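Each remark here refers to the structure printed beneath this line.
The values are calculated or read from the model by the stated rules, or taken from the named source; none is laboratory data. Since the structure is predicted, the reported quantities are computational estimates derived from the model, not experimental observations. Cβ atoms come from the backbone with ideal geometry, glycine included; neighbour counts cover every protein chain shown. Heavy atoms of the whole protein, side chains included, go into the accessibility calculation; ligands, DNA and RNA do not. Shrake-Rupley method; radii C 1.70, N 1.55, O 1.52, S 1.80 Å.
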Amino acid sequence: SQPPIPGEVVVRQRPPRDSWKVGMLRHGKRVYAVAVGGATRHVYTCGSGYIRVWDESALHAWDKAPEAQLDLQNPQNCVLTCKLFPDEQSLITGGVSQTLTLWDLAPTPRVRAQLASTGPMCYSLAISSDARICLACFRGFVEIWDLQNQILIRKHEVPIYGSRCVDIAGNKFWTGGEDTSLYSWDLRSYQRLQQFNLQNEILSITHDPSEEWMLVGLRTSDIIILHTHRKEKFKAVLQKYTHHHSLKFSSCGSYFVTTLDESIHCLAAPSLQRLFQVKESSDILCCDISSDNRYLVTGSKNSATVYQLMY
């Protein structure tokens with residue numbers, strides 16, 4: 001079924017009709033997480049041992065050196081997930097490490113704080129829209145951090161097989177994983193609010209900018225779009241059993257990108273109309289869209305690919 005057209009038609013930025021490959025960022029190792037700044041036009045590629053920082057000139061080049069390399073405290077550590085703050089002045093990273101790292105990005109990138117986490121591997125991070133709260137997902141629990149005071153507020157138990165990914169929207173947060181259920185939780189009382197059985201393993205979840213819709217990516221590569229308050233649920237069937245899956249909603253809310261193994265699909269939201277598709281030569285491990293909706297960047301086995309979105 002198709003989502004209804006809302007009564008009050010909101011003027012939104014139209015979604016892109018295509019993309020154009022404009023550059024390659026040579027990270028040198030697997031890129032497990034990537035963040036793209038819209039205002040600063042900087043890209044942060046993350047993986048084992050280090051993060052590389054790329055300025056705008058590198059986005060339109062094929063072999064340019066990074067502007068900086070940020071070495072992790074322990075070279076054995078690996079960043080698996082990162083989130084840019086809404087003001088794009090800070091970045092938080094997590095992964096195979098005993099800490100979450102808070103980075104100041106301007107004027108030059110440096111570590112602001114190390115938050116001592118209680119789990120060996122952070123799978124997923126989420127930041128509230130006001131950048132006050134960060135959620136970090138570990139096997140069987142979610143850490144809830146006060147970012148301003150750098151204090152762990154709560155270690156919240158979630159089903160052990162429902163803890164691969166986390167997202168936050170308004171006063172709720174959402175978790176999902178191998179047990180095929182999407183759970184929502186109250187951020188104040190920590191009570192479980194809802195449980196949706198989606199029948200397939202959940203690989204990723206993300207919300208749209210209005211915080212009205214949640215996107216859920218499944219192992220079968222289907223995308224479920226759920227309304228956060230009303231009982232509405234729609235499905236885009238992409239028909240492919242997938243190993244690597246990432247989802248990113250645009251800041252304007254009119255489209256999202258999903259990567260499934262080596263292919264990129266761009267879909268309109270909430271209609272789920274297909275806009276364009278691109279195939280890469282190897283599996284895509286992560287993706288991000290700049291907040292100005294100009295660039296899409298995907299991370300793969302030793303580099304990141306930069307696409308300019310065309311309207």
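Annotations for the structure displayed:
- Matching residues, region 23-33, being open to solvent by 10 Å² or more (accessible area, probe 1.4 Å) and at negative phi: Met24, Arg26, Lys29, Arg30, Tyr32
- Checking region 55-71 against the condition returns a match, with at least one residue being in contact with a Gly (Cβ under 8 Å, 6 or more places away or on another chain), more than 22 Å from Thr259 (Cβ to Cβ) and aliphatic (A, V, I, L, M).
- Subset of region 46-68 [under 14 Å from Gly28 (Cβ atoms) and either hydroxyl-bearing (Ser, Thr, Tyr) or open to solvent by 80 Å² or more (accessible area, probe 1.4 Å) (or both)]: Ser48, Tyr50, Asp63, Lys64
- Qualifying positions in region 150-186 - small (Gly, Ala, Ser) and outside any strand (DSSP E or B): Gly162, Ser163, Gly170, Gly177
- Residue match in region 171-185 (condition: open to solvent by 50 Å² or more (accessible area, probe 1.4 Å) and small (Gly, Ala, Ser)): no
- Checking each residue in region 78-123 for being polar (S, T, N, Q) and surrounded by fewer than 21 Cβ atoms within 10 Å (Cβ to Cβ) picks out Gln89, Ser90, Gln98, Thr99, Thr108, Gln114, Ser117, Thr118.
- Filter result (of a type in the set (A, V, I, L, M, F, W, C) and exposed (fewer than 15 other Cβ atoms within 10 Å of the Cβ)) within region 216-245: Val237
- Taken over region 132-152, the criterion of being open to solvent by 20 Å² or more (accessible area, probe 1.4 Å) and within 21 Å of Cys286 (Cβ to Cβ) is satisfied by Arg139 alone.
- Hey, Ser189 at pLDDT 95 or above, assigned to a loop (DSSP other than H, G, I, E, B) and of a type in the set (Gly, Ala, Ser) or not: yes
- Within the set Asp261, Asp283, Asp288, Asp292, the sole residue that is without any contact (Cβ under 8 Å) to a residue 40 or more places away in the chain and either charged (D, E, K, R) or buried (at least 22 other Cβ atoms within 10 Å of the Cβ) (or both) turns out to be Asp261.
- In region 50-72, the residues that are part of a helix (DSSP H, G or I) form Cβ pairs under 9 Å with partners that are among the aromatic types (Phe, Trp, Tyr), at six or more places apart or across chains, as follows: Leu59/Tyr295.
- Every condition in (1) open to solvent by less than 10 Å² (accessible area, probe 1.4 Å); (2) touching a Lys or Arg at 6+ places or on another chain (Cβ under 8 Å); (3) more than 28 Å from Leu267 (Cβ to Cβ) is met by Ala126 except one, and the failing one is (3).
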